1. Within region 70-82, work out how many residues are touching a residue at least 24 places away in the same chain (Cβ under 8 Å) and open to solvent by 20 Å² or more (accessible area, probe 1.4 Å).
2. Restricting attention to region 41-100, report how many residues are of a type in the set (D, E) and not in a helix (DSSP H, G or I).
3. Tell me which of these V85 doesn't satisfy, since it passes every other one: (1) open to solvent by less than 40 Å² (accessible area, probe 1.4 Å); (2) without any contact (Cβ under 8 Å) to a residue 60 or more places away in the chain; (3) not hydroxyl-bearing (S, T, Y).
4. Tally time: how many residues in region 90-117 are open to solvent by less than 30 Å² (accessible area, probe 1.4 Å) and free of Cβ contacts under 8 Å to residues at least 40 places away in the same chain?
5. Does L91 count as touching a Gly at 6+ places or on another chain (Cβ under 8 Å), among the aliphatic types (A, V, I, L, M) and over 19 Å from A51 (Cα atoms)?
6. Within region 122-139, is there a residue that is closer than 30 Å to R30 by Cβ and at pLDDT 70 or above?
7. Using beta carbons and a limit of 6 Å, which pairs, at least six apart or on different chains, have the first residue in region 42-69 and open to solvent by 40 Å² or more (accessible area, probe 1.4 Å) and the second one of a type in the set (D, E, K, R) and in a helix (DSSP H, G or I)?
8. Mind checking whether some residue in region 24-46 is within 26 Å of H124 (Cβ to Cβ) and at pLDDT 95 or above?
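The values are calculated or read from the model by the stated rules, or taken from the named source; none is laboratory data. Everything numeric here is computed off the predicted structure, so don't read it as measured data. Positions of Cβ are backbone-derived with ideal geometry, glycine not excepted, and every protein chain shown enters the neighbour counts. These accessible areas exclude ligands, DNA and RNA; they are computed on the full protein's heavy atoms, side chains included. Shrake-Rupley method; radii C 1.70, N 1.55, O 1.52, S 1.80 Å.
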Amino acid sequence: MPASASRPDPTVRSGRTRPEVPPARLSSDRRRRPDPATRQVAQGLGWFSLALGITELTCGDAIARWLGMPRAGALVRAYGVREIVQGAGILGSHDPTPWIWARVAGDVLDVATVLPGLTGDPRHRANTGIALGALAGVGVIDVLCAQALSDAPLAPSERVRADYRSRSGFPKGIDAMRGAARDVRPPEFTTPEGLRAWA
């Protein structure tokens, strides 16, 4: 007899199917239900991404010169395209969780790009410090929002709701339960001696 035939499938033996694998924390799931405040923050980050992306796309050369990186204009414009895509994803998706985590990754990339400016031209170090401070502040908001979205509870799946929707609470049916308690006599209760005066 083959070895595979001698090993019964645990799912067949128990009569149950394997449970669904929970979704990854970074993936999109339409069942995710964040609180209203987290949802509003995510929407705000989406609009911020669009505005920042348009600014970087149209003023990439000026931003690069302001940071003391005059040759990085094309890179700033590429980052602008990234911001626009992320903003559109946040605003257009039912669950923005993966898009907010993409913003977190983008924040790390932005910091890595701007950070060398602290050791570059002294005339632009103050601008670099301002840019890094802004990136750090936005990055903290992105991380907190992404974490809150990932920790949001999941609503029951449609299959679970359908299973409970078909249950009446009467195992033998409603007709079989009619009159079932007709012959039941409740037990007699004796009033404690200390309460008989008020009985």
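1. Residues flagged as touching a residue at least 24 places away in the same chain (Cβ under 8 Å) and open to solvent by 20 Å² or more (accessible area, probe 1.4 Å) within region 70-82 amount to 4.
2. Taking region 41-100 as the starting set, the residues that turn out to be of a type in the set (D, E) are 56, 61, 83, 95.
Now drop any that are not not in a helix (DSSP H, G or I), which leaves 95.
Number satisfying all stated conditions: 1.
3. (1)
4. Summing the residues that are open to solvent by less than 30 Å² (accessible area, probe 1.4 Å) and free of Cβ contacts under 8 Å to residues at least 40 places away in the same chain in region 90-117 gives 3.
5. Numbers: touching a Gly at 6+ places or on another chain (Cβ under 8 Å): yes; among the aliphatic types (A, V, I, L, M): yes; over 19 Å from A51 (Cα atoms): no.
Answer is no for this residue.
6. Yes, the conditions are met somewhere in region 122-139.
7. Note: pairs meeting the criteria are L52/E83; L57/R77.
8. no
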